[in-house]
Amino acid sequence: MRQLKREAVLVEFDDISKVNPEELLRGVGSDHAIARNAPLRHFQIDPRNGDRVVYSEARARRPHDTKKVENEILPLRYAQGQNDSISGGCVVCEGKTTSVVDITPTSEGFTFINKNLFPVTYPFSEGTDGEGPFSSTGQLAIGTHFLQWPSNLHDKDLDNMSLEDTFIVLKRLCILERNILHFAGSAMPLGHVHADGNHYGYIGVIKNVGRLVGGSLVHGHHQIVHTNVKPRKILDDQRFKEQHGHGFSQYLLAHNPKEYHVKEYQGGVVLLVPYFMRRPLDAMILFRDGRGTLQRAPTKDYLHHLSDEELYSLGEALRDVMSALKILMPRMGRELAYNWVIHEGDIGGMYVEILPWTQEMGGYEQLGMYLCQGRPESTVNYYRELIR
Ligand SMILES: [Zn+2]
């Protein structure tokens, strides 16, 4: 079985809960391989809708093992700057990664978090020279970018791990998230004052599976970006909350037809298909958060706010939907490819969006009009057939 051996791991920190975020930042800033692949210093904002754009030509040089071999024309460039050719190998299993900032045993091996060698945001310091016209229209983008690997075993991911191991993985993610969001000493803006404490900067936790949706490595992983660049969808969520007086997740729990609920888990965790489904197999995971009809503050706005019961159920829901997609997408004649993204922030309740790549983006979609080749009813039935 392909796997990353414990002795091949370069451990910088073994327990992220004990790491001072300042040290963590210093570790990222002093890594020369990461510095070589740093993105541009400035980000831009589309003045029409607030979309954020960050620029990194280095990311085009990432090693890809999800690309078909015949399409692979460039030699792969690894951490230490060596070249290698594609040999069906996994750069992670081969230990060609950055140093690890958290490593935790699981029943079958270990789960770990490391620094992304090709970061979307970088801990730039203020006041250094700009990059031509970019600096006059753009704003300084700062941040850190981590990768979490649920398992050192190549073929293991949240869809086929034990729920106990999945819980350990999600718990480590919560600890990293809490540690960096609650750190007041960074250059991050105060993003959210919450009963749980002040939150600095914004967090983006995502998973890309499959080459068609940006997944470059087959070995299962999650990405965590902590930055001053507030993603536009989070701005949308925030605006929704301001306009409605409660968050989107509470709105959807109240207004989505009950027939579109796929499954309800312990602790009020709900897997459903939204009535405005844009693509076949779109789904969401929402948290009732003990709320009835009345708003009960404060809300669970981040992954690290979830109770152990909710976190365990989230793992179960992710397992269900991810393992179902492995069957449903090939059945539709589609290559397995999906993203899930966590909406977190000052949004009146966090939620997870599952976005399978079941249809290409056409011109009408680019105008904001989605032509969906499926009905929510069918998607619910497909999921229910596989998820009990
Ligand atoms: Zn691997």
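Just a few scattered comments:
- Any hit, the stretch 189-200, residues being under 25 Å from ASP289 (Cα atoms) and within 16 Å of the ligand (Cβ to nearest atom): no
- Looking across the stretch 83-99 at every residue that is over 13 Å from LEU10 (Cβ atoms) and more than 10 Å from the ligand (Cβ to nearest atom), the one that is modelled with the lowest pLDDT is identified as ASN83.
Here's the yes/no breakdown for (1) within 16 Å of the ligand (Cβ to nearest atom); (2) in contact with a strand residue (DSSP E or B) (Cβ under 9 Å, 6 or more places away or on another chain):
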residue: SER17; (1), (2): no, yes
residue: LEU24; (1), (2): no, yes
residue: ALA35; (1), (2): no, no
residue: ILE45; (1), (2): no, yes
residue: ASP51; (1), (2): no, yes
residue: VAL54; (1), (2): no, yes
residue: ALA60; (1), (2): no, no
residue: ASP65; (1), (2): yes, yes
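- Qualifying position, being touching a residue at least 24 places away in the same chain (Cβ under 8 Å) and aromatic (Phe, Trp, Tyr), among TYR370, TYR364: TYR370
- Given (1) away from the ligand (no atom under 16 Å from the Cβ); (2) crowded, with 19+ Cβ neighbours inside 10 Å; (3) among the acidic types (Asp, Glu), number of the condition ASP157 does not satisfy: (1)
- Out of HIS194, HIS221, HIS182, HIS199, sole residue that is in contact with a Gly (Cβ under 7 Å, 6 or more places away or on another chain) and either among the small types (Gly, Ala, Ser) or touching a residue at least 60 places away in the same chain (Cβ under 8 Å) (or both): HIS199
- Strands (runs of 3 or more DSSP E) within the stretch 280-382 that include 3 or more residues out of contact with any His (no Cβ under 6 Å at 6 or more places or on another chain) and surrounded by fewer than 23 Cβ atoms within 10 Å (Cβ to Cβ): 338-343, 351-356
The values are calculated or read from the model by the stated rules, or taken from the named source; none is laboratory data. No experiment lies behind these values; they were computed from the predicted model shown. Positions of Cβ are backbone-derived with ideal geometry, glycine not excepted, and every protein chain shown enters the neighbour counts.
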